[in-house]
Amino acid sequence: MKLNLQSDARKVRKYIEQRIKNYPVYENLGPGEDDDPISLITIGFYAEQGGYMNLVFNTRPKAEVDGEWTLHIANDENMLPFPKWLSAYEAIWDGKTINVTKHDGTTCTLQNSSGDETVNAVFGEMLLAVMSELRDDGTLAQLPLAPEAFMVVEEFDGRYFWPTYETRKTKGRIQR
């Protein structure tokens, strides 16, 4: 089986750009009050069960990495499905080898002995690369951000998290 995360990265970027374009100041589909600025952007994902990523805008004034994003994953607007991620995960645990083209064009092979953290890292690193591009090119700054807004990328079961909890508000900071 082959998995192309370059094409998935383009799909993720397009999805996030559309969400930013359509972001309604009056209706937040995540934790917090509708009219408050965004203090935390969480990209959550789950390849092992479901095959999806989520984009959750948290407007709580003192938002923290506390799993609150998981309460908002059932909202279709927050979710971008990737059924092939689930198929790849299942194939790996069925003993098959998966050839992955990563977001940066490099390739790797995943297999049963790769381990959950390694498998989830290929998805997490791709999502982080997209979010970093959007932060660095000013796209995220189009949102109504709180002055100390930050972003994280988190796998549902905690098998991937960027940055570290200790550096979340510095490395993950989104400049306005």
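Observations
- The label point for residue 132 and the one for residue 74, both projected 7 Å from the Cα toward the Cβ, are 3.6 nm apart.
- Taking the DSSP bridge list for segment 2-172 and keeping only pairs wholly inside it, about 60 percent are antiparallel.
- Here the chain has 48 percent of its accessible surface on carbon and sulfur atoms, given a 1.4 Å probe and all protein chains in place.
- Rolling a 1.4 Å probe across all protein chains gives residue 7 an accessible area of roughly 50 Å².
- Placing pseudo-labels 7 Å out from each Cα toward the beta carbon at residue 175 and residue 142 gives an inter-label distance of 1.9 nm.
- For residue 45, nonlocal amide neighbours, meaning residues 5 or more places apart or on other chains whose placed amide H falls under 5 Å from its own, are 54, 154, 155, 156.
- Here the spin labels are modelled as points 7 Å beyond Cα on the Cα-Cβ line, and at residue 97 and residue 35 they lie 6.0 nm apart.
- The chain - percent relative contact order, Cα under 8 Å, separation 6 or more: 27
- Using the rule -39500 (n - 2.57) for each DSSP H run of four or more residues, divided by the residues of the chain, the 222 nm mean residue ellipticity is -9500 deg cm²/dmol.
- Cross-link pairs exceeding 23 Å in C-alpha to C-alpha distance, out of 14/102; 11/171; 14/169; 84/171, comprise 11/171; 14/169; 84/171.
- The residues of the chain have, on average, 49 Å² of accessible surface per residue, using a 1.4 Å probe with all protein chains present.
The values are calculated or read from the model by the stated rules, or taken from the named source; none is laboratory data. Model, not experiment: these values are computed from the prediction. We place every Cβ from the backbone using ideal geometry, glycine too, and count neighbours over all the protein chains shown. Note: accessible area is taken over every heavy atom of the protein model, side chains too, but ligands, DNA and RNA are not part of it. Shrake-Rupley method; radii C 1.70, N 1.55, O 1.52, S 1.80 Å.
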